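Following: one structure in structure tokens, then a few remarks.
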Amino acid sequence: MREGTSERLVGVVLVSHSAEVAASVADLARGLSGGGTVPPVAAAGGGPDGGLGTHAELISAAAASVDRGAGVAVLVDLGSAVLTVKALLAEGDELPEDTRLVDAPFVEGAIAAVVTASTGADLGAVEAAAKEAYSYRKE
């Protein structure tokens, strides 16, 4: 099954201060998902003027675009992105139901989240896989 199908998969949103970084990490995660089922993944990067920053409306639109009814995992790169997503979650109606801010490393966590979502895992498993990326050692 290809991305964008009606299968209930956890969606993943990648929020970066840079549109290019968000898009590149999304492409990398999709590419490493195994070539079978690709869960819905959206990049939400950059500020309202197209420069560096975060933009609540871009994040909300990205989350809505990946919502397939199984939950949405949101991974962020830096501090103010966290604050923006937390503010959206506090509003209560700005993000799809069952949207979670996932505390995970941005690149490794995104890959783990997308690969796990591609298996049809639930939101809790996708979140756990992304968080586990903190323990990846590079030595």
Practice task
Please tell me if Asp49 is surrounded by fewer than 22 Cβ atoms within 10 Å (Cβ to Cβ), among the acidic types (Asp, Glu), under 13 Å from the mean Cα position of the chain (by Cα) and assigned to a loop (DSSP other than H, G, I, E, B).
Solution key: no
Problem - Among the candidates Ala112, Ala117, Ala104, residue that is within 23 Å of His55 (Cα to Cα), open to solvent by less than 40 Å² (accessible area, probe 1.4 Å), under 12 Å from the mean Cα position of the chain (by Cα) and at pLDDT 95 or above - result: Ala104
Exercise for the section: Quickly run through the range 30-45 and pick out the residues that are under 15 Å from the mean Cα position of the chain (by Cα) and open to solvent by less than 50 Å² (accessible area, probe 1.4 Å). Expected result: Ser33, Val38, Pro39, Pro40, Val41, Ala42, Ala43, Ala44, Gly45
Fill in the blank from the handout: Going through the range 52-67 in order, the residues found to be touching a residue at least 24 places away in the same chain (Cβ under 8 Å), within 18 Å of Leu95 (Cα to Cα) and surrounded by fewer than 18 Cβ atoms within 10 Å (Cβ to Cβ) are Ala56, Ala64, Ser65
Practice task
Exactly one condition in (1) out of contact with any helix residue (DSSP H, G or I) (no Cβ under 7 Å at 6 or more places or on another chain); (2) among the aliphatic types (A, V, I, L, M); (3) over 19 Å from Val85 (Cα atoms) is not met by Val21; state its number.
Solution key: (3)
Problem - Test for Ser80: is it open to solvent by less than 70 Å² (accessible area, probe 1.4 Å), at pLDDT below 95, closer than 19 Å to His17 by Cα and in a helix (DSSP H, G or I) - result: yes
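Please verify whether Lys86 is outside any loop (DSSP other than H, G, I, E, B), of a type in the set (Lys, Arg), crowded, with 16+ Cβ neighbours inside 10 Å and modelled with pLDDT of 95 or more, treating the condition exactly as stated. Working first, answer last.
Values: outside any loop (DSSP other than H, G, I, E, B): yes; of a type in the set (Lys, Arg): yes; crowded, with 16+ Cβ neighbours inside 10 Å: no; modelled with pLDDT of 95 or more: yes.
Spelling it out, it is not the case that Lys86 is outside any loop (DSSP other than H, G, I, E, B), of a type in the set (Lys, Arg), crowded, with 16+ Cβ neighbours inside 10 Å and modelled with pLDDT of 95 or more.
The values are calculated or read from the model by the stated rules, or taken from the named source; none is laboratory data. Values in this document were obtained by computation on a predicted structure and should not be read as measured data. Positions of Cβ are backbone-derived with ideal geometry, glycine not excepted, and every protein chain shown enters the neighbour counts. Accessible surface is based on the protein model in full, side chains and every heavy atom, while ligands, DNA and RNA are left aside. Shrake-Rupley method; radii C 1.70, N 1.55, O 1.52, S 1.80 Å.
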